[in-house]
Every structure is written in structure tokens, then in C-alpha cells.
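Beneath this line is the structure, given in C-alpha cells, with notes to follow.
The values are calculated or read from the model by the stated rules, or taken from the named source; none is laboratory data. As the structure is a computational prediction, the values presented were derived from the model and not from experiment. Virtual Cβ from ideal backbone geometry, glycine too; neighbours counted across all protein chains shown. Note: accessible area is taken over every heavy atom of the protein model, side chains too, but ligands, DNA and RNA are not part of it. Shrake-Rupley method; radii C 1.70, N 1.55, O 1.52, S 1.80 Å.
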Amino acid sequence: MAGFTLSERLDQLGARYDDLTQQLQTAELVSDSSKFQKVAKQHSDLQQIVAKHREYQQIEKDLAGAHQMIAEGDDPEMKQMAYDEEKQLVAKKEIVERELKVLLLPKDPNDEKSVIVEIRAGTGGDEAALFAAELFRMYSRYAETQGWKVEVLESSPSSLGGMKEIVAAINGHKVYSKLKYESGVHRVQRVPATETQGRIHTSAATVAVLPEADEIDIKIEAKDLRVDTFCSSGPGGQSVNTTYSAVRITHIPSGLVVSQQDEKSQIKNRAKAMRVLRARLYEMELEKQQSAIGAERRGQIKTGDRSEKIRTYNFPQNRVTDHRIGLTLHNLGDVMEGKLGALVDGLVSHYEAERLEQELAQA
């Protein structure tokens, strides 16, 4: 925004939005689906900030009216009403102005992407595996409320019906923008079904949320891959088929290894494995960029270490606590059913506010 005041920048965006609105109504653009989609996306991207700016402008007009009533009014009761209105409008103006500044922050280029979610049982044995399965169900339910599609890419069930590991793709609009702060260690405190003395146990599962990379983001050379095939196996290692449909792909330069055996088709398993490999390589690139930028700017790219304990789910007290933002909710049952709005929105608001403070400090 260098060289322009906030007001001038918003006026420019408003003019651009009005121009795009007119373009969308022309027969020429409607007949060209490719151009129409491009313009429609630009229009959609500007819609929220333009609406917020117009709300801000209306507040300024209302404030001017209140000022005039205070200066020129003779009726004490009307003047008092104007004073009260002015006080409310000033407070509202500060909130809307801050919201506008947040909307003008540089966008995370990955926010629009779908994601690969990897959930693994941590400390706690079978109880951790059961919790990992419940976390996957929680995210699946949340995805349903957002209109997203969940596709299991890889899974490793445990003997008691839990999941040692599950990898899934969640596809939809701005999935990464909502789920990117879920990476980390999720801790559960409860009495396991196998506990005979009623003691509360603490177990954990790790969650990693990776923006799904396409071929444009990550170029993988065939010479850098070693592909091995083998027979699929079920829980306990027993063979579940006699064909070599399972696939193990090793990316030689990085040493990353991805296995996939959920499909009966070797071709489908290979395609799924490549999606996971591409996402992991993309995350490695992001981490390299992050370390190069410097400590004071890292929060703008990614927040949270997946080795960090980020959240505790306490079943006896029906409580869930996100330790990063100090948010505690007493509706754990609803959260486990996928009602994550309060947690997700709280995290997004917190880290957007941090980014704004950093931006203003460096302005």
C-alpha cells in the first residue's frame, strides 16, 4: 500500500469492483466461459472488502450527521441522543477500520487450496488410535458443514477399531484457510473403555494439514522416483490380495517415502501416492522459504509446529482448550461432532490480528 493512503487504496478497489460488475453483465464476457470465470473470481475476491469499505463510509456519514446535530441542535434531549449515537459510531468505526486493514493484508497464496490431512496415533497405544479415528470423524463432519468433499487416501486401522494412521484429501473452497492452524499435537484426557479402575488416561494424536500442491507448484522428475509394488496387507500384516497392487514411491533427492494400498488398482494407488508426495514436497519448500524470511516474519507464512501441543480434549469435564489462544469451550460433545466454528474462527482472528500488528509495526 506504499504511496497510497488507506482511503485512496479502498477507492481504487471500489472502482475496480464496479468495473468488474459491469463487465460481468456484458454478452461478450458471458459467451467466453474462461474469461467469465476469471473476472467472476476477481469480482468475488473484492466483494467482501468493498462491502466493508462502504459500511465504513456510511459510518462516516452518520458521524457527520451526529456532529451536526450536536453543533446546531437546541433540544437537550436530541443533543444527548446525538452524543450517544456519536459514541457508538466512533467505537464501531474503529472496529470496521481494523477489519478493513486485515482484509488488505497480503493473502496467503495457499488459502484457496484443498488440503491433505495426515492424522497419526501418538502416545497412548490403542487409546491414541481410537482418538485418531475420532479426530478424523470430527474433521469429516466439519467438512460436511462446509460443503467440502473428503477422500481417504491411505489408512492403517488398529485392532480395536481405531486408526494408527489416516491420510485424507479434503477438497473444496478455501479449505486451507480454515484448517491450516490444526497442525500439531492434539491431547485427549478420558477414561479408556479398557480401563477397569476408572482412571483418567492421557493420550495424543498428531495432525498435519498440508496444502495440496498441483503439478504447477511442484515439478517431480521421473528419474528422481523409485517405484516399488507389493501385495496389500491388512491389520496384523496378513495379505489381503495376491496381486501387486500396493505401491511404494521413494523420492530419491529428499528421501521421502509414500506407500498406498487402499485401492485394488495399482494405477489408482500410484495416483494417490503421488498426491501425498507432492503435498509433502510442497510443504518442505514452504518451510525452506519460511526459514529464509527470518523469525520476525515467519508468522505470516505459517504458524504452529506440528510437534507442539496445541489442544486438549478433556472428556470428564466436557471441555476443549486451545492452548495457543487460551480459548476454552465447555461443549466437547458438539466439537467432536464437527462443530468447530468457534475454534476455527478464533484461531483465524487471532493470527490475522498478529499479522496486522506486524504489518503496522513495519509500515
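Glu221 falls short of the stated requirement of being over 22 Å from Ser140 (Cα atoms) and open to solvent by less than 70 Å² (accessible area, probe 1.4 Å). In the stretch 63-83, is there at least one residue being under 29 Å from Leu105 (Cα atoms), in contact (Cβ under 8 Å) with a residue 12 or more places away in the chain and surrounded by 14 or more Cβ atoms within 10 Å (Cβ to Cβ)? The answer is yes; a qualifying residue exists. Condition first: assigned to a helix (DSSP H, G or I), of a type outside the set (A, V, I, L, M) and within 30 Å of Val209 (Cβ to Cβ). Can you find one or more residues in the stretch 77-91 that meet it? No, every residue in the stretch 77-91 fails to be assigned to a helix (DSSP H, G or I), of a type outside the set (A, V, I, L, M) and within 30 Å of Val209 (Cβ to Cβ). Taking every residue in the stretch 197-221 that is in contact (Cβ under 8 Å) with a residue 12 or more places away in the chain and over 17 Å from Gly124 (Cβ atoms) and pairing it with any residue that is open to solvent by less than 70 Å² (accessible area, probe 1.4 Å) and in a loop (DSSP other than H, G, I, E, B), at least 6 positions away or on another chain, the pairs with Cβ-Cβ distances below 6 Å are Ala208/Ser183; Val209/Ser183; Pro211/Asn110; Pro211/Lys113; Glu212/Lys113; Glu212/Ser114.
If only residues of the stretch 244-265 that are surrounded by fewer than 20 Cβ atoms within 10 Å (Cβ to Cβ) and more than 15 Å from Arg226 (Cα to Cα) are counted, the one that is nearest to the chain's Cα centre (by Cα) is Asp262.
Output the residue which, of all residues in the stretch 17-38 that are open to solvent by 100 Å² or more (accessible area, probe 1.4 Å) and under 32 Å from the mean Cα position of the chain (by Cα), is farthest from Val50 (Cα to Cα). Among them, the one singled out is Lys35. Across the stretch 180-217, the qualifying residues are those that are modelled with pLDDT of 80 or more and farther than 22 Å from Ile119 by Cα, and the one among them that is least open to solvent (accessible area, probe 1.4 Å) is Ile200.
Check whether at least one residue in the stretch 96-105 is at pLDDT 90 or above, surrounded by 15 or more Cβ atoms within 10 Å (Cβ to Cβ) and in a helix (DSSP H, G or I), and report yes or no. So far as the stretch 96-105 goes, yes, one or more of its residues are at pLDDT 90 or above, surrounded by 15 or more Cβ atoms within 10 Å (Cβ to Cβ) and in a helix (DSSP H, G or I). Among residues that are out of contact with any helix residue (DSSP H, G or I) (no Cβ under 6 Å at 6 or more places or on another chain) and within 28 Å of Gly346 (Cβ to Cβ), Arg199 is not included. Every condition in (1) within 18 Å of the chain's Cα centre (by Cα); (2) farther than 19 Å from Gly338 by Cβ; (3) open to solvent by less than 30 Å² (accessible area, probe 1.4 Å) is met by Glu127 except one, and the failing one is (1).
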